[in-house]
1. Suppose we keep only residues that are out of contact with any helix residue (DSSP H, G or I) (no Cβ under 7 Å at 6 or more places or on another chain) and within 12 Å of chain B (Cβ to nearest Cβ) within the stretch C:50-66. Which one would you say is nearest to ligand 3 (Cβ to nearest atom)?
2. Kindly check whether there is at least one residue in the stretch A:140-148 that is within 13 Å of ligand 2 (Cβ to nearest atom), closer than 14 Å to A:A30 by Cβ and either within 20 Å of the chain's Cα centre (by Cα) or of a type in the set (F, W, Y) (or both).
3. Can you confirm whether C:D149 is farther than 21 Å from B:G115 by Cβ, facing chain A (nearest Cβ under 9 Å) and of a type in the set (D, E)?
4. Answer yes or no: is there a residue in the stretch C:89-98 that is hydroxyl-bearing (S, T, Y), within 27 Å of C:H124 (Cβ to Cβ) and at the interface with another protein chain (Cβ under 8 Å from one of its Cβ atoms).
5. Taking the conditions exactly as written (in a loop (DSSP other than H, G, I, E, B), away from ligand 9 (no atom under 16 Å from the Cβ) and closer than 24 Å to C:D149 by Cα), does C:I28 satisfy them or not?
6. Just for helices (runs of 4 or more DSSP H) wholly inside the stretch A:87-176: which have at least 2 residues that are away from ligand 5 (no atom under 16 Å from the Cβ), aromatic (F, W, Y) and closer than 25 Å to B:K12 by Cα?
7. Tell me, which residue of the stretch A:156-187 that is facing another protein chain (nearest Cβ under 8 Å) and farther than 21 Å from B:D40 by Cα is surrounded by the fewest Cβ atoms within 10 Å (Cβ to Cβ)?
Amino acid sequence: MNIYTKTGDKGKTRIIGKKVLAKDDDRIEAYGSVDELNSDVGLAISLLGEKTNSLHDELEEIQQLLFDAGHDLAMLADDQNHPFIFDPASITWLEKKIDQYMKVVPPIKKFILPGGTRLASTLHIARTVTRRVERRIVALQSHSKINPDVLVFINRLSDYFFACARYANFLDHQSDVVYRNSHTIFR
Amino acid sequence: MNIYTKTGDKGKTRIIGKKVLAKDDDRIEAYGSVDELNSDVGLAISLLGEKTNSLHDELEEIQQLLFDAGHDLAMLADDQNHPFIFDPASITWLEKKIDQYMKVVPPIKKFILPGGTRLASTLHIARTVTRRVERRIVALQSHSKINPDVLVFINRLSDYFFACARYANFLDHQSDVVYRNSHTIFR
Amino acid sequence: MNIYTKTGDKGKTRIIGKKVLAKDDDRIEAYGSVDELNSDVGLAISLLGEKTNSLHDELEEIQQLLFDAGHDLAMLADDQNHPFIFDPASITWLEKKIDQYMKVVPPIKKFILPGGTRLASTLHIARTVTRRVERRIVALQSHSKINPDVLVFINRLSDYFFACARYANFLDHQSDVVYRNSHTIFR
Ligand code: B12
Ligand code: B12
Ligand code: B12
Ligand SMILES: C[C@H]1O[C@@H](n2cnc3c(N)ncnc32)[C@H](O)[C@@H]1O
Ligand SMILES: C[C@H]1O[C@@H](n2cnc3c(N)ncnc32)[C@H](O)[C@@H]1O
Ligand SMILES: C[C@H]1O[C@@H](n2cnc3c(N)ncnc32)[C@H](O)[C@@H]1O
Ligand SMILES: [Mg+2]
Ligand SMILES: [Mg+2]
Ligand SMILES: [Mg+2]
């Protein structure tokens, strides 16, 4: 197997359905960013420890779901040969996880500094890269039809990573540091 | 507390002062990038060790300052209800740290490869992400008034992370590798 | 030596050849992203272990080459005083490494989740950041002449990081996880 086909050496590439785009197209930027985020999640998984291993399966599930999301972004919405595959049930699945973690972590009223353990810090990186992905999908959406469920999922996913980072710190007995100039932010 | 409000599920969001913007707006990109950088600093803190723990307090202070910077980017410059909060004294505070570290690390005349220990490598990542943040703020500034002190601080902060990365390697007895084709760059 | 010259405090900066550009110029974005990628490679090097130390020299060589690539992006193609320095022989050097690693890792027909060990995960991050760099170079190329060898190298480099991530997992006896909904992708 040869992975380098050299076909993209001049800056163009193909999407699902074989249409050719410049590599700096908003669509390539969107699913390329999903791929970057997926790698950050991979790193988070590699940092799981004894106290946090319960997060393994759901983080791997998120990697699977990010591929489904990437698929739908890598095709044209009106492509007759390729239906969307992203399952919106994943959104409520995420919401349940968020509710579960928010219930057990110490309540906060103010912003916290993104950090703590190596795992929690990496989850905060995943959180902020998820938000970058969201911005890229919104840019694509401003001129091209997309699967709206993917955007909802990505919005929820950054909230999941916030809850999950806090939960990871909680499991490792690491407390979050409050932003000293924060107003009352969370209700 | 419910962190997912679902109000942003279609790609719009609110800034300080309640104005609604598309999530791919230059302003959201600017303070979203500050949030990503802040998470990288969180990761650096989680990597401090015995020899480098003296950096803890200043890195956490930088996290606090990044929130102040983010605040000023998340509001309109002419918003009558919200004054800027970023304190320019933080710039000279950073400069003193830079001077201090540059004095003790081995002098160089050439570019060095960004790396060394895990901590120093992460500080180099923070350095380059700070420079990405700077580019995003400059893009925002090309059409919207911003707090100019924030831009100065961010420019200085990337130089701080360069000095700090070198200092972290120095503390851990790790030497920097020179870029072999470098001209004489530093005077 | 004073690294902070304050000349860039308002958002402009100089390239090789002394031309002044806004910091959000596509050219600054391109070589600034190369610098970020270079730092990710630095982090990967810091994660090498007993079983993977054989990768040290080539990863450091890649850091050197990224500086050569950055040089050519930081100058105007028609600058009479500065010739391009990137050596295209590095492309075939990379291709040999890819062939070598692809031969020894377990063959796959489907996409795999980007992850595994900390090292492999970081190499996947380098892979996806390389692809971001490629997108930024293509954006620059849409209006300015660049060294085409640099673009070919960057395209090949992301395939190298894919092969290298898989090889790193192989060396550490870590198996890759398949994307469950993947079609037959690799031939
Ligand atoms: C989208 C995409 C991605 C996305 C994945 C999308 C997502 N879900 O997030 C991302 C960006 C992550 C990605 C990454 C990579 N990709 Co990719 N990707 C594609 C792309 C455009 C579509 C693949 C896909 O999803 N197909 C799904 C179905 C719905 O597509 P389809 O159009 O109906 O066609 C399929 C079938 O008809 C079938 N098929 C058609 N004819 C035949 C004939 C036979 C005999 C068989 C068996 C099958 C078959 O195969 C087709 C391809 O899937 C293909 C190129 C292309 N246009 O096919 C490259 C492609 C599969 N990728 C390729 C490569 C090299 C990679 C990377 C290694 C690049 C890198 N260095 O990072 C990584 C690997 C990532 C990983 N973790 O494993 C190469 C593989 C080359 C090879 N050896 O075969 C391809 C073919 C592009 C190319 N260079 O030509 N990729
Ligand atoms: C800017 C901002 C951010 C920035 C922070 C800015 C910075 N410094 O870098 C960033 C991007 C980092 C951020 C991140 C997050 N944010 Co935010 N953020 C905001 C935003 C727009 C302003 C907050 C702020 O700085 N206020 C400062 C003062 C000056 O603002 P103000 O307009 O004067 O209004 C305040 C007061 O009037 C007061 N107030 C008004 N009426 C009342 C009534 C009562 C009873 C009380 C007590 C107070 C009160 O509260 C207002 C809000 O602060 C608000 C939305 C909004 N427009 O208020 C969301 C908001 C606070 N964020 C929210 C969320 C969920 C998050 C994240 C978890 C998102 C994520 N998944 O990453 C993270 C958490 C980060 C962390 N580390 O803790 C939610 C909180 C929902 C909730 N449960 O209440 C909000 C409300 C947005 C929303 N979805 O509606 N955020
Ligand atoms: C391109 C560039 C980068 C690129 C490197 C490019 C790449 N290969 O990827 C990147 C983005 C990585 C970079 C990073 C940094 N850079 Co830089 N960079 C430059 C730039 C624009 C060109 C340097 C270069 O490659 N020169 C190569 C040759 C071909 O250039 P040249 O035009 O022919 O000119 C050289 C010679 O003529 C010679 N020269 C001319 N007159 C004289 C006189 C004497 C006496 C001597 C000895 C030499 C000499 O020196 C010139 C400069 O190299 C210079 C500014 C400039 N315009 O020179 C800053 C510059 C060298 N960078 C600077 C700084 C501070 C940094 C960073 C620390 C910033 C940061 N916080 O991250 C990092 C350090 C990175 C590292 N790992 O070591 C400063 C150094 C200040 C100082 N103390 O001297 C400069 C001078 C910019 C400035 N602020 O004015 N940089
Ligand atoms: C918590 C706050 O973060 C901002 N916000 C919402 N979505 C994003 C995103 N994708 N990227 C960066 N910032 C975002 C809004 O201002 C919101 O109110
Ligand atoms: C050291 C060199 O880096 C470039 N430079 C200055 N600011 C930035 C930034 N925010 N991002 C990327 N590159 C930058 C300029 O060319 C400067 O001279
Ligand atoms: C493997 C698939 O990844 C996409 N592709 C090719 N180059 C890039 C890049 N620089 N960034 C993101 N995606 C890219 C194309 O769709 C290719 O077929
Ligand atoms: Mg949101
Ligand atoms: Mg600078
Ligand atoms: Mg490619």
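Any read-out appearing in this document is the output of simple, stated calculations on the displayed coordinates, not a laboratory observation. All figures in this text were calculated on a predicted structure; none of them were measured in a lab. Neighbour counts run over all protein chains shown; Cβ positions are idealised from the backbone, glycine included.
1. By that ranking, first place goes to C:Q64.
2. No: zero hits.
3. On the way: farther than 21 Å from B:G115 by Cβ: yes; facing chain A (nearest Cβ under 9 Å): no; of a type in the set (D, E): yes.
So C:D149 does not fit the description; no.
4. At the first step, the residues of the stretch C:89-98 found to be hydroxyl-bearing (S, T, Y) are C:90, C:92.
Those left that are additionally within 27 Å of C:H124 (Cβ to Cβ): C:90, C:92.
From what's left, at the interface with another protein chain (Cβ under 8 Å from one of its Cβ atoms): none.
Checked against the condition, which is being hydroxyl-bearing (S, T, Y), within 27 Å of C:H124 (Cβ to Cβ) and at the interface with another protein chain (Cβ under 8 Å from one of its Cβ atoms), the stretch C:89-98 yields no hits at all.
5. On the way: in a loop (DSSP other than H, G, I, E, B): no; away from ligand 9 (no atom under 16 Å from the Cβ): yes; closer than 24 Å to C:D149 by Cα: yes.
Here the answer is no, as C:I28 does not meet what is asked.
6. Numbers: elements: A:89-104, A:118-141, A:148-171.
Filter on the stretch A:87-176 gives A:148-171.
7. Pass one, the stretch A:156-187, residues facing another protein chain (nearest Cβ under 8 Å): A:156, A:159, A:162-163, A:177, A:179-182, A:186-187.
Cutting the leftovers down to farther than 21 Å from B:D40 by Cα gives us A:156, A:186-187.
Numbers: A:R156: 24, A:F186: 14, A:R187: 7.
My answer is A:R187.
To keep it simple, each residue is scored yes or no on (1) touching a helix residue (DSSP H, G or I) at 6+ places or on another chain (Cβ under 7 Å); (2) within 24 Å of A:S158 (Cα to Cα); (3) within 16 Å of ligand 7 (Cβ to nearest atom); (4) more than 11 Å from chain C (Cβ to nearest Cβ).
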| residue | (1), (2), (3), (4) |
| --- | --- |
| A:I15 | yes, no, no, yes |
| A:K18 | no, no, no, yes |
| A:D24 | yes, no, no, no |
| A:I28 | yes, yes, no, no |
| A:N38 | yes, yes, no, no |
| A:H71 | no, yes, no, no |
